[in-house]
1. Restrict the check to region 295-304 and report whether at least one residue is in contact (Cβ under 8 Å) with a residue 24 or more places away in the chain, among the hydroxyl-bearing types (S, T, Y) and not assigned by TED's automatic domain parsing to the domain that holds L89.
2. Out of region 127-154, which residues are loosely packed, with under 15 Cβ neighbours inside 10 Å, of a type in the set (D, E, K, R), part of a helix (DSSP H, G or I) and modelled with pLDDT under 85?
3. May I ask you to list the residues in region 178-199 that are closer than 23 Å to T290 by Cα and of a type in the set (V, I, T)?
4. From (1) closer than 25 Å to E270 by Cα; (2) at pLDDT 80 or above; (3) of a type in the set (A, V, I, L, M); (4) surrounded by 19 or more Cβ atoms within 10 Å (Cβ to Cβ), pick out the condition that doesn't hold for I35.
5. Taking the condition assigned by TED's automatic domain parsing to the domain that holds W158, over 30 Å from L277 (Cα atoms) and of a type in the set (V, I, T), does V200 pass?
6. What do you reckon, is K302 surrounded by 18 or more Cβ atoms within 10 Å (Cβ to Cβ) and among the charged types (D, E, K, R)?
7. Taking region 1-20 as the region of interest, how many residues are within 20 Å of the chain's Cα centre (by Cα) and more than 15 Å from Y288 (Cβ to Cβ)?
8. Scan region 222-246 for residues that are hydroxyl-bearing (S, T, Y) and over 18 Å from F160 (Cβ atoms) and jot them down.
Amino acid sequence: MFDIIAKKRYFFALSIAVLLIGLVFLFINGVRLDIQFQGGTIIQIEVNDEDIDLEKAANIAEATVNKEVDAQKSQTIDVEEGDKRINLLVLNISNAEDTLTSEEQSKLIDAMRNEFDVPEDAEISVNSVEPFIGKEMLLRGVRAVIWASLLIVLYIWWRFKSMGLSAGLMAIVALMHDAMVVFATYIIFKIPLDDGFIAVILTILGYSINDTIVIYDRIRENMKSMRKAGIGEIVNKSILQSMSRSINTNVCTFMSMVVVYIFAVVFNIESVRDFSLPLITGIISGCYSTICIAGPLWVVWKEYQLKRKAASKPAKA
């Protein structure tokens, strides 16, 4: 029988290594906030060129509005014209101070028309978010994650009273591990944080805690039938009994999201791609943390409590 608890140090070391890689990229790439969280303006302009020079577009835009501009390209499909693909130049002007004025927007669009092949009847869309609204959305998202975590702790404490409050706390540590892995994915691949980030985090929290509850339920049952066994043996057996279910469920979800990601890459659907990739890493991390982090961490805590209890007993004369 494979002993997961005996190898817990290796699992903990692997998690720490992954999180350290994310920390290194955090210093290298920094955190990119979408205009939904930072404020700013996004302008989408239809162009005839499929291979547009994004660096040139960004330089021209920055010189026009005297602000930092991130130029990207995207495609959309016009169903009414027989699935015609429309090429879009996306100019992202994230600014924590203000949005582009109407005059600046017009200058920027005219500059793009002068330099690139923009149709006369080009589709142009402008989306602006005031900085104070972006900050408020970010704070609400953070509050949602905090409240979700608190409710999870309380639920597990109530559901698994025989395991104690520590079971809920260790489950939250495992969930925070998953959240940090998802955050590292955004940092490493330079994906701007937007409302999709909060959606991914909450999805992974719910998905991962479901697997953890299944294992905790098995631990609770085995604690009744294996009264003479050590806590490590009970948890190890419980994890192995639930492992096939956890892996099979996660593999099915993982394959579905990989198909979604491939579809988004093929058709260059940026929003779906930036949502599905972090979700894929979150699913992998959730499966790993459920099996290799939550239960073993609880064992470490319980063994620590037993040692303290034994040490506090007065020695017999």
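1. No, region 295-304 contains no residue that is in contact (Cβ under 8 Å) with a residue 24 or more places away in the chain, among the hydroxyl-bearing types (S, T, Y) and not assigned by TED's automatic domain parsing to the domain that holds L89.
2. E136
3. Answer for region 178-199, where residues must be closer than 23 Å to T290 by Cα and of a type in the set (V, I, T): V181, V182, T185, I198.
4. Only one criterion in (1) closer than 25 Å to E270 by Cα; (2) at pLDDT 80 or above; (3) of a type in the set (A, V, I, L, M); (4) surrounded by 19 or more Cβ atoms within 10 Å (Cβ to Cβ) is unmet by I35, namely (2).
5. For V200, the condition - assigned by TED's automatic domain parsing to the domain that holds W158, over 30 Å from L277 (Cα atoms) and of a type in the set (V, I, T) - is not met.
6. Here the answer is yes, as K302 does meet what is asked.
7. 1
8. S244
The values are calculated or read from the model by the stated rules, or taken from the named source; none is laboratory data. Note that the structure is predicted; figures quoted are calculated from it, not measured. Every residue, glycine among them, receives a Cβ derived from its backbone with ideal geometry; neighbour counts consider all protein chains shown.
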